[in-house]
Amino acid sequence: MRDRLVAIIPARMGSSRFPGKQLAQLLGRPMIEHVLRRAEMCTQLKAVYVATCDEEIRRVVEVLGGRVIMTSPTHERASDRVAEAADQVEADIVVMIQGDEPMITSAMIAAAVTPLLSNRSVECVNLVRRITKQHDYFDPNIIKVVMNVNHDALYFSRRRFRHSSLQKPITCPSSNRSVSFHFELNSCVSLGAYRRRRSNEQSRSTCSAS
C-alpha cells in the first residue's frame with residue numbers, strides 16, 4: 001500500500017521578528033498564498049493544509065480555497081502546531097512547510113520525502129543548503145545545522161558555530177605534518193518531512209538532512 005503524503009503549513013500572526021508576515025503582500029498576493037499554491041503543485045501530496053490559531057489567516061486561506069486546521073494559540077514552536085494538526089488528518093508522511101517560505105518548489109518537497117519513501121528506517125528529513133556567504137553565517141535569523149558523516153542532523157542553532165568554514169591546518173601527531181581539513185557549513189531550509197506514527201515525538205526525533 002502506498003504511503004499517503006500531506007503537507008501542513010504552520011502560520012501565525014504573532015511572529016516576534018515580523019508580525020503578520022504570512023499576510024504580508026508579495027507581488028500583490030499574501031505570502032501564505034504563494035506557499036500554499038507552490039505546495040499544491042507537488043503531485044505527490046494528497047492534500048495541503050494550513051494550521052493556524054488566527055482567524056485572519058483562516059479567512060484568507062479559505063477565500064483562496066485552501067484547507068485550514070485551527071490549532072491552539074499556546075504553541076511556541078511550529079513543529080508543535082503541525083503535530084496537533086496532524087492528529088486531525090489521515091496521513092502516513094507529513095511534510096512541514098513554514099508559512100514564510102514562498103520560494104519552495106515541488107522538487108524540494110520531493111527531495112524531502114524521497115528518503116522516507118525509499119528507506120522505512122528513516123523517521124524524519126529536513127532540507128539543508130550550503131552556507132556560502134559570511135553574513136549568513138553570522139545572521140541569527142538563519143538556522144545552522146550540525147550533521148555527522150551520515151548526514152544525520154545532530155543539532156540546530158541560530159548562533160554561529162565555533163568551527164570556521166575556512167580550511168584550518170592542524171598538526172598530525174603521527175607524521176608531525178600540517179594537514180588541512182574543511183568544515184562544511186549548512187543552514188536549515190524550513191521544509192521537512194516525518195512519519196505520521198511519530199507525530200507526538202516529531203520535534204524530538206533525530207532527523208536526516210538532505
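A compact table of results
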| item | result |
| --- | --- |
| Among residues of segment 16-73, those that are surrounded by fewer than 16 Cβ atoms within 10 Å (Cβ to Cβ), within 20 Å of the chain's Cα centre (by Cα), of a type in the set (D, E, K, R) and over 18 Å from Val6 (Cβ atoms), counted | 1 |
| Filter result (in contact (Cβ under 8 Å) with a residue 60 or more places away in the chain, in a helix (DSSP H, G or I) and of a type in the set (A, V, I, L, M, F, W, C)) within segment 112-138 | Ala112, Val113, Leu116, Leu117 |
| Criterion: farther than 30 Å from Pro140 by Cβ, basic (Lys, Arg), part of a helix (DSSP H, G or I) and not assigned by TED's automatic domain parsing to the domain that holds Pro140 - qualifying residue of Arg59, Arg38 | Arg59 |
| Evaluation of Ser121 against (1) over 19 Å from Gln22 (Cβ atoms); (2) surrounded by 13 or more Cβ atoms within 10 Å (Cβ to Cβ); (3) assigned by TED's automatic domain parsing to the domain that holds Gln25 (one fails), failing number | (2) |
| Residue tally, condition surrounded by 14 or more Cβ atoms within 10 Å (Cβ to Cβ), in contact with a strand residue (DSSP E or B) (Cβ under 8 Å, 6 or more places away or on another chain) and in a loop (DSSP other than H, G, I, E, B), over segment 139-157 | 3 |
| Residues satisfying the stated conditions in segment 100-111, i.e. under 20 Å from Leu23 (Cβ atoms) and over 10 Å from the mean Cα position of the chain (by Cα) | Asp100, Pro102, Met103, Ile104 |
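The values are calculated or read from the model by the stated rules, or taken from the named source; none is laboratory data. All figures in this text were calculated on a predicted structure; none of them were measured in a lab. Because the Cβ atoms are built from the backbone with ideal geometry, glycine has one as well, and the counts that use them run over all protein chains shown.
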